[in-house]
Amino acid sequence: MKRALSGVIASVLAVAAGAAFAQGKPPLKLGAILDMSGLYADITGPGSEIAAKMAAEDFGGEVLGRKIEVVAADHLNKADLAANIARDMLDNQGVEMIYDVAASATALAAGEIAKARNKIVIFNGPATIALTNEACGPYTVHYTYDTFGQANVTGLAAVKSGLDTWFFLTADYAFGQALEKDTTNVVLKNGGKVLGSVRHPLNTSDFSSFLLQAQASKAKVIGLANAGGDTINAIKQAAEFGLMKGGQKASPLLVFISDIDSIGLETAQGLLLSEAFYWDLNDETRAFSKRFMERTKRPPTTAQAGVYSSVGHYLKAVKAAGTTDAAAVIKVMKETPINDMFAKNGKIREDGRMVHDMYLFEVKKPSESKGRWDDYKLLATIPGNEAFQSLELSRCPLVKK
């Protein structure tokens, strides 16, 4: 009896010791570098942090006996601050993976810090194609969209429909310049013409002088190579100037459901746009978006949905690899197809681009909408290998040619 009791006690002590050891392990920290307060806050911001926390919770809250902890910081749209935050997260806070980063200039800066430390960084908010070209790295993943894919889907559809003369309003930094360049290539390749362009500072409140130049060009399309608050202000002011009534069409080249909600269907109706995700696409997107809306009171943007998917994919890879070592984890991430509410048979290539379907939408008329957030009509589904830059065109030094 004593022997049996001592055996039970030993088992209990062993379990307790195991639990104590698990509790003693440091948490697995995932770091978000976000625009929490500026013109991209609705696109990424607090919603991206919530999406990552949802992914961690849905995974079970821990992996390899370590509690999953999500930390976030605001880069204020400053590249040097983004680099400093990345450095502090990786060197001092014990962060294992950085996600989102929320703008192109900030992503390029933070990406270099992660690359120098051989840490995984997953980009969801930024769009510049440089992230899978010159700035690619062995542990860099560009997950959600990029300027090439946006230009290829929206620009091609517009030119094919007869909208073949363009004038660009471009945000004057890495993202805007890349988006203008990639869309220009699509327009020219398909027989269209670019009649001019003008650069505007980030976070512009008054677009009047830029819009007057666009109006004077007589271009059929005003391509908006900007995002967030800049896109919203440009479209609202273009409508006030009567550009659309005068026959010109605004084409936002990177736009989100949150932007359309801010603009309103009366002004936004008829816009052609591309997205990688829409909350009302199918049963899976609706189920996830319903849970997200319970926390945020608004549906997820494409970037926020991408955060949820990519964090989940990372955590599955950590579990499968049995380690947080970046080389082992990225190997599993690249070998494992992505099948969830965001992507079907998604695949991370050697240049870091996650290839998945893209969608061409038209914004509904107010009379077609059943209520707030019911904003898009699906026009076409574009397979990932047609939407994104091919490996043959890649300038990433990791790509073997």
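The values are calculated or read from the model by the stated rules, or taken from the named source; none is laboratory data. Every value quoted in this text rests on a predicted model; they were computed, and no experiment measured them. In this analysis, Cβ positions are derived from the backbone assuming ideal geometry, glycine residues included, and neighbour counts consider all displayed protein chains. Side chains are part of the model used for accessible areas, which takes the heavy atoms of the whole protein and leaves out ligands, DNA and RNA. Shrake-Rupley method; radii C 1.70, N 1.55, O 1.52, S 1.80 Å.
Using the Cα centre of the chain as origin and beta-carbon charges of +1 (Lys, Arg) and -1 (Asp, Glu), tell me which of 102, 63, 158 is placed farthest towards the positive end of the dipole.
Ranked along the dipole, the leading option is 63.
Mind pulling the angle between the C-alpha long axis of helix 326-335 and the longest principal axis of the chain? Nearest 10 degrees, somewhere in 0 to 90.
60 degrees
Subtract the Cα-Cα distance of residue 374 and residue 336 from 0.36 nm times their separation in residues, and report this length gain in nm to one decimal.
Computed gain between residue 374 and residue 336 is 10.3 nm.
So what's the gap between the Cα centers of segment 344-378 and segment 83-114, to the nearest angstrom?
28 Å
Quick one: length gained pulling residue 205 to residue 218 fully straight, 0.36 nm per residue minus the C-alpha distance?
Separation in residues times 0.36 nm, less the Cα-Cα distance, equals 2.3 nm.
Residue by residue, what Karplus-based ³J(HN,Hα) values in Hz, rounded to whole numbers, does segment 354-363 have, using 6.51, -1.76 and 1.60 with θ = phi - 60° and x for Gly and Pro?
Each residue of segment 354-363 in turn: 8, 8, 8, 5, 10, 10, 9, 10, 10, 6 Hz.
Obtain the nm distance between the two label points defined at residue 283 and residue 266 by a simple spin-label model: each point lies 7 Å from its Cα along the Cα-to-C-beta direction.
Roughly 3.9 nm, to one decimal.
Between residue 164 and residue 392, what's the calculated FRET efficiency when r is the beta-carbon distance and R0 is 22 Å? Round to 0.05.
Rounded to the nearest 0.05, the efficiency is 0.25.
Karplus couplings for segment 251-265 from phi (6.51 cos²θ - 1.76 cosθ + 1.60, θ = phi - 60°), rounded to Hz, Gly and Pro as x?
10, x, 8, 8, 9, 10, 4, 5, 5, 4, 4, 5, 6, x, 5
Scan around residue 69 for amide H atoms under 5 Å from its own, H built in the peptide plane at 1.01 Å from N, and keep only partners 5 or more places away or cross-chain.
Amide H to amide H, under 5 Å and 5 or more residues apart or across chains, residue 69 pairs with 28, 29, 30.
Where only protein heavy atoms count, and the probe is 1.4 Å, what is the accessible area per residue for segment 158-291 in Å²?
On a per-residue basis, segment 158-291 sits at 40 Å².
Please report, as a whole percent, how much of the solvent-accessible surface of the chain comes from carbon and sulfur atoms (probe radius 1.4 Å).
Roughly 54 percent of what the probe reaches on the chain is carbon or sulfur.
How much accessible surface area, in Å² rounded to 10, belongs to the heavy atoms of residue 313 with a 1.4 Å probe?
That residue has around 10 Å² of solvent-accessible surface.
In percent, what relative contact order does the chain have, based on Cα pairs under 8 Å that are 6 or more apart in sequence?
Worked out over the chain, it gives 17 percent.
Restricting to Cα atoms and excluding each atom paired with itself, what does the Kirkwood estimate give for segment 44-126 in Å?
Evaluated over segment 44-126, this radius sits at 13.1 Å.
Could you let me know the centre-to-centre spacing of segment 298-324 and segment 154-219, using Cα atoms, in angstrom?
34 Å
Rounded to the nearest Å, what's the spacing between the alpha carbon centres of segment 386-400 and segment 226-256? Just the number, please.
Comparing the Cα centres of segment 386-400 and segment 226-256, I get a distance of 32 Å.
Could you work out the relative contact order of segment 338-401, using alpha carbon pairs under 8 angstrom and six or more residues apart, expressed as a whole percent?
30 percent
Go through 95-107, 382-394 and give me the packing order, highest mean Cβ count within 10 Å leading.
95-107, 382-394
In percent, what relative contact order does segment 245-401 have, based on Cα pairs under 8 Å that are 6 or more apart in sequence?
24 percent
I want the antiparallel fraction of DSSP beta bridges within the chain, as a percent rounded to 5.
30 percent
Please report the orientation-averaged projected area of the chain, defined via the convex hull of its C-alpha atoms, in nm².
If I average the Cα hull's projected area over directions, I get 21.8 nm².
So what are the ³J(HN,Hα) numbers for segment 30-35, from phi and the Karplus equation (6.51, -1.76, 1.60; θ = phi - 60°), rounded to whole Hz, Gly and Pro as x?
Per-residue couplings from phi come out as 10, x, 9, 10, 10, 8 Hz.
State the extension gain, in nm to one decimal, for the chain segment bounded by residue 347 and residue 245, taking 0.36 nm per residue of separation less the distance between their alpha-carbons.
Computed gain between residue 347 and residue 245 is 32.4 nm.
Compute the angle between helix 302-321 and the longest alpha-carbon principal axis of the chain, please, reported from 0 to 90 degrees and rounded to the nearest 10.
Rounded to the nearest ten degrees, it is 30.
Is segment 162-249 rounded, prolate or oblate when judged by the Cα gyration tensor, a ≥ b ≥ c being the square roots of its eigenvalues, rounded requiring a/c under 1.5 and prolate requiring a/b larger than b/c?
Oblate shape, in that a/c is at least 1.5 and b/c is the bigger or equal ratio.
Just grab the label-to-label distance for residue 328 and residue 293, each label 7 Å out from Cα along the Cβ direction, in nm (one decimal).
With each label point 7 Å from Cα toward Cβ, the separation is 4.2 nm.
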